[in-house]
Amino acid sequence: MTTFALTLAIALGGVPSPGVQADHQHQETTRRGDAVMGFSHEKTTHHFRLRANGGEIEVTADDAADQESASQVRGHLRHVAQMFTDGDFTAPFLIHAQNPPGADVMAARKRDVEYVVEELPRGARIRITTESRAVLAAIHTFLRFQITDHRTGDPLTIQP
């Protein structure tokens, strides 16, 4: 449902069903994400993985020949890793129109988190690690939110 159709339905007294609201929210998250990240969700695949010592954010171009998207992904993830290292979680806020759960702890305890970017043939991955139990819980909360809001289908449990 477009923003116009959603607004019209509400104005005419109709209340969108929870499914329609969720679809609209996901479309808006995707639209904002494309603008903030500088590449298309339609040409890339996102994964968020929980690990015993933290987790991973991985984005790859769907087409091996699409080196433009792969390059854009690498640049974005390098930028995000530096922002997160500095305790700056503005990008996720702009994408999700809210402060993702866990981000506040990750920002406040930035010295307890390490972000390492690894280039992949089709994109890149940020490995997020910590030795702090409190920060680990925040990282897992943050990644679970990403999995759910981006609808990646990744497991919400810790993977080996």
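The values are calculated or read from the model by the stated rules, or taken from the named source; none is laboratory data. Since the model is a prediction, treat every value here as computed from it, not as a measurement. So basically every Cβ, Gly included, is an ideal-geometry build from the backbone, and we count neighbours across all protein chains shown. When the accessible area is computed, the model is the full protein with side chains, heavy atoms only, and any ligands, DNA or RNA have been set aside. Shrake-Rupley method; radii C 1.70, N 1.55, O 1.52, S 1.80 Å.
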(request) Taking only the stretch 113-154 into account, find how many residues are open to solvent by less than 10 Å² (accessible area, probe 1.4 Å) and touching a Pro at 6+ places or on another chain (Cβ under 6 Å). (result) 1
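If you take the residues of the stretch 110-132 that are assigned to a strand (DSSP E or B) and of a type in the set (Asp, Glu), which of them is farthest from Lys43 (Cα to Cα)? Explain how you work it out, then say what you get.
Step one: of the stretch 110-132, the residues assigned to a strand (DSSP E or B) are 113-120, 123-130.
Subset that is of a type in the set (Asp, Glu): 114, 118-119.
Details: Glu114: 28, Glu118: 20, Glu119: 18 Å.
Across the stretch 110-132, the extreme among qualifying residues is Glu114.
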(request) Return the residue satisfying two criteria in turn: it lies in the stretch 79-93 and is open to solvent by 20 Å² or more (accessible area, probe 1.4 Å) and at pLDDT 80 or above, and of such residues it is farthest from the chain's Cα centre (by Cα). (result) Asp86
(request) Scan (1) farther than 26 Å from Pro160 by Cβ; (2) over 17 Å from the mean Cα position of the chain (by Cα) for the single condition Ala134 breaks and write down its number. (result) (1)
(message) Please verify whether Val105 is within 15 Å of Ile57 (Cα to Cα), modelled with pLDDT of 95 or more and among the hydrophobic types (A, V, I, L, M, F, W, C), treating the condition exactly as stated.
(response) no
(request) Please identify the pairs in which a residue from the stretch 65-83 that is assigned to a helix (DSSP H, G or I) has its Cβ atom under 6 Å from the Cβ atom of a residue that is among the basic types (Lys, Arg), counting only partners at least 6 apart or on another chain. (result) Ser69/Lys43; Ala70/Arg122
